[in-house]
Amino acid sequence: MFTGIVEELGEVAEITPFSDAHGESARITVHGPLVTSDAAHGDSIAVNGVCLTVTGASGGAFTADVMKETLDRSSLGALRTGSPVNLERAARASDRLGGHIVQGHVDGTAELLERTPAQRWETLRFSLPGPLARYVAEKGSIAVDGVSLTVASVEDAAFTVSLIPTTLELTTLGRTAVGGTVNLEADVIAKYVERIASAGAAAGTGRA
């Protein structure tokens, strides 16, 4: 589990494609001295919001294997050597929950449609995939490239977030160009509420 509070802006050092039983996959090496300072084989590190398992760590970098499904369903397939990435280690049970509960399981991707700068912040407008729209609510939480953000507004097929200077400086969102792709993870609590409500409605319908 993660909290969506990015610890470090890392950089992709190497990407090595390979084939396995699941098709084309990749081994990715990411430079991130902070998150690798205590990393061990089997640990979890979120890369742009995608939970990856550490297969090795040395010299301020770690490696992870990324299966084809992850490459296809997230923005990780578009990474190149030198790409900046948001990094966060898995949360400890004793840590403060500075953002919200983030699983590192990407629900889909979105396109950055517009950037609107202001004096002290910047508003970013993203496309909103239809299947995820029901989980996104004004003032609710959403993870964008692994960054825990508060939804400022919601439209039929888009949503906006407002970013403070610190977020713009310390995460990839300050560098994402209009037209760029980001990973989205909806609030897991919203998913469970929907599941419970749907089950309750179905049970009620079946009563005599």
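The values are calculated or read from the model by the stated rules, or taken from the named source; none is laboratory data. Since the model is a prediction, treat every value here as computed from it, not as a measurement. Cβ coordinates were reconstructed from backbone atoms using ideal geometry, including for glycine residues, and neighbour counts include every protein chain displayed. For accessibility, only protein heavy atoms count, side chains too; no ligands or nucleic acids. Shrake-Rupley method; radii C 1.70, N 1.55, O 1.52, S 1.80 Å.
Per-structure values
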quantity: Test: residue in region 185-198 that is assigned to a loop (DSSP other than H, G, I, E, B) and in contact (Cβ under 8 Å) with a residue 24 or more places away in the chain; calculated: yes
quantity: For residue 70: the one exception among (1) free of Cβ contacts under 8 Å to residues at least 40 places away in the same chain; (2) among the β-branched types (Val, Ile, Thr); (3) open to solvent by 40 Å² or more (accessible area, probe 1.4 Å); calculated: (3)
quantity: For residue 56: the one exception among (1) in contact (Cβ under 8 Å) with a residue 24 or more places away in the chain; (2) open to solvent by less than 40 Å² (accessible area, probe 1.4 Å); calculated: (1)
quantity: Conditions (1) open to solvent by less than 20 Å² (accessible area, probe 1.4 Å); (2) touching a residue at least 60 places away in the same chain (Cβ under 8 Å); number of the one not met by residue 62; calculated: (2)
quantity: Subset of region 172-190 [farther than 13 Å from residue 75 by Cβ, open to solvent by less than 20 Å² (accessible area, probe 1.4 Å) and over 11 Å from the mean Cα position of the chain (by Cα)]; calculated: 188
quantity: Index of the failed condition, residue 166 passing every other in (1) over 17 Å from residue 85 (Cα atoms); (2) exposed (fewer than 13 other Cβ atoms within 10 Å of the Cβ); calculated: (1)
quantity: So residue 13, is it open to solvent by 10 Å² or more (accessible area, probe 1.4 Å) and not in a strand (DSSP E or B); calculated: no
quantity: Residue under evaluation residue 41, criteria (1) modelled with pLDDT under 95; (2) farther than 20 Å from residue 172 by Cα; (3) exposed (fewer than 13 other Cβ atoms within 10 Å of the Cβ), criterion not met; calculated: (1)
quantity: Sole exception among (1) touching a strand residue (DSSP E or B) at 6+ places or on another chain (Cβ under 6 Å); (2) surrounded by fewer than 21 Cβ atoms within 10 Å (Cβ to Cβ); (3) of a type outside the set (A, V, I, L, M, F, W, C); (4) not in a strand (DSSP E or B) for residue 36, by number; calculated: (2)
quantity: Residues located in region 93-141, provided they are in a loop (DSSP other than H, G, I, E, B), of a type in the set (Gly, Ala, Ser), modelled with pLDDT of 90 or more and surrounded by fewer than 16 Cβ atoms within 10 Å (Cβ to Cβ); calculated: 137
